[in-house]
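Read through the structure below, which is laid out as structure tokens, and then see the notes.
The values are calculated or read from the model by the stated rules, or taken from the named source; none is laboratory data. For clarity, every value in this text was computed on a predicted model and none was experimentally measured. All Cβ positions, even for glycine, are placed from backbone atoms using ideal geometry, and neighbour counts span all protein chains on display. Ligands, DNA and RNA are stripped out before the accessible areas are found, and what is left, the full protein with its side chains, is counted by its heavy atoms. Shrake-Rupley method; radii C 1.70, N 1.55, O 1.52, S 1.80 Å.
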Amino acid sequence: MVSSQVLQKTIDELRAITRIDLCVLSVEGQMLVTTRGDESLNADHVREFVQSPADSQVMQGYHFFKVYDDQTVEYVLVARGNSEDTYMIGKIAVCQIQNLIIAYKERLDKNNFIQNLLLDNLLLVDVYNRAKKLRIETDVKRVVFMVETKYEKDNSAMETIKSLYASKPKDFITAVDEKNIIIVKELKDTDGYEELNQIARTLVDMLNVEAMSQVRVSYGNMIREIKDVSRSYKEAKTALEVGKIFYADKVIVPYNNLGIGRLIYQLPIPLCQMFMREVFGKQLPDTFDDETLTTINKFFENNLNVSETSRQLYVHRNTLVYRLEKLQKSTGLDIRVFDDALTFKIAMMVVSYMKYMENQD
């Protein structure tokens, strides 16, 4: 059903052009919108008109018109007056509202189609048949963006994104759960991953400013066929999860740049546990104190550079060396050596993954 705001705007615009007052009622005679605040019509007359075989009728100085959705009466339009001009304006208004009904139904149908496409709920033949029926191109370049909001059902974020893409009818905005907004975006043939990253950055910046919403954005690989939209969606979803586990400081996570997190994310938990026992024994990295973890993270950030790390931590070089040697004694790994540093870094990522999976259970 067309929203009351759209109906009101439609008849207000017609009233401004024609000077003829209009109102739209439900088939039960309830006033929905009107250009006159004092408009009052007999509900019994409306219901009688709906049951009659006539498509239009003049009663007590008003012109009544039926507005159809397919073969069913959806609304009753009433034009004030009984002249031929009133009849003509009424027919124009009916035509406009019926076109609005078709447009709204098509939009809802497209949204339903995109949701089922994302979730892989359609047979391949149905994908192409329905796309053709809905006039959606099947062989253009697309990608799926996923926007995770901080709060569930973030309507302000959804409205902000819709307004951003309001002038781009070939892009689809939808949701399949409470916390994620999905954008199926059509791309130019010349667009690459640099352009995708810029789009993601625009989404993050706009939502931070306009909707005051903290978000994380991921996107899948670019695809050429509409049947592959679900694959790009799954990739965006995977990227979002991998980002939360291993790259918590990143607000933009592309599927094509997940690094070693992509490999660890696919490991079975028993294998992870075996690896952790081999590396650390009983003392896992998450049992280290905050000072030790801060030292380790900063050391990695500075590419194992002792001098730069000590400067950024505001400690003497010898103090940092003492901390690293203390860590070596407790774990058997000297992270000043590349091989040991690599093992330790992977182990810390495995711990993050195991914690995430434990919380999911």
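Tabulated values for the structure
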| quantity | calculated |
| --- | --- |
| Close pairs from region 194-217: first within 17 Å of Asn155 (Cβ to Cβ), partner at pLDDT below 85 and charged (D, E, K, R), Cβ under 6 Å, at least 6 apart | Ser213/Asp154; Gln214/Lys150 |
| Cβ-Cβ under 9 Å pairs, at least 6 apart or on other chains, region 118-129 side more than 17 Å from Val184 (Cβ to Cβ), far side among the basic types (Lys, Arg) | Leu124/Lys227 |
| Residue that is nearest to Asp228 (Cα to Cα), among those in region 154-196 that are among the hydrophobic types (A, V, I, L, M, F, W, C) and assigned to a strand (DSSP E or B) | Val184 |
| Residues satisfying the stated conditions in region 151-165, i.e. among the charged types (D, E, K, R) and out of contact with any strand residue (DSSP E or B) (no Cβ under 7 Å at 6 or more places or on another chain) | Glu152, Lys153, Asp154, Glu159 |
| Members of region 314-361 found to be among the acidic types (Asp, Glu) and in a helix (DSSP H, G or I), listed by number | Glu325, Asp339, Asp340, Glu358 |
| Members of region 133-153 that are at pLDDT 90 or above, not in a loop (DSSP other than H, G, I, E, B) and not β-branched (Val, Ile, Thr) | Arg142, Phe145, Met146, Glu148 |
| Residues that are among the basic types (Lys, Arg) and either touching a strand residue (DSSP E or B) at 6+ places or on another chain (Cβ under 7 Å) or open to solvent by less than 80 Å² (accessible area, probe 1.4 Å) (or both), drawn from region 92-149 | Lys105, Lys110, Arg130, Lys141, Arg142 |
| Candidate set: region 63-91, residues that are of a type in the set (S, T, N, Q) and within 23 Å of Thr35 (Cβ to Cβ); chosen: the one least open to solvent (accessible area, probe 1.4 Å) | Thr86 |
| Qualifying residue in region 15-28 (condition: open to solvent by less than 40 Å² (accessible area, probe 1.4 Å), farther than 21 Å from Ile102 by Cα, among the hydroxyl-bearing types (Ser, Thr, Tyr) and in contact with a strand residue (DSSP E or B) (Cβ under 7 Å, 6 or more places away or on another chain)) | no |
| Residue match in region 287-299 (condition: outside any loop (DSSP other than H, G, I, E, B), touching a Lys or Arg at 6+ places or on another chain (Cβ under 8 Å), open to solvent by less than 70 Å² (accessible area, probe 1.4 Å) and of a type in the set (A, V, I, L, M, F, W, C)) | no |
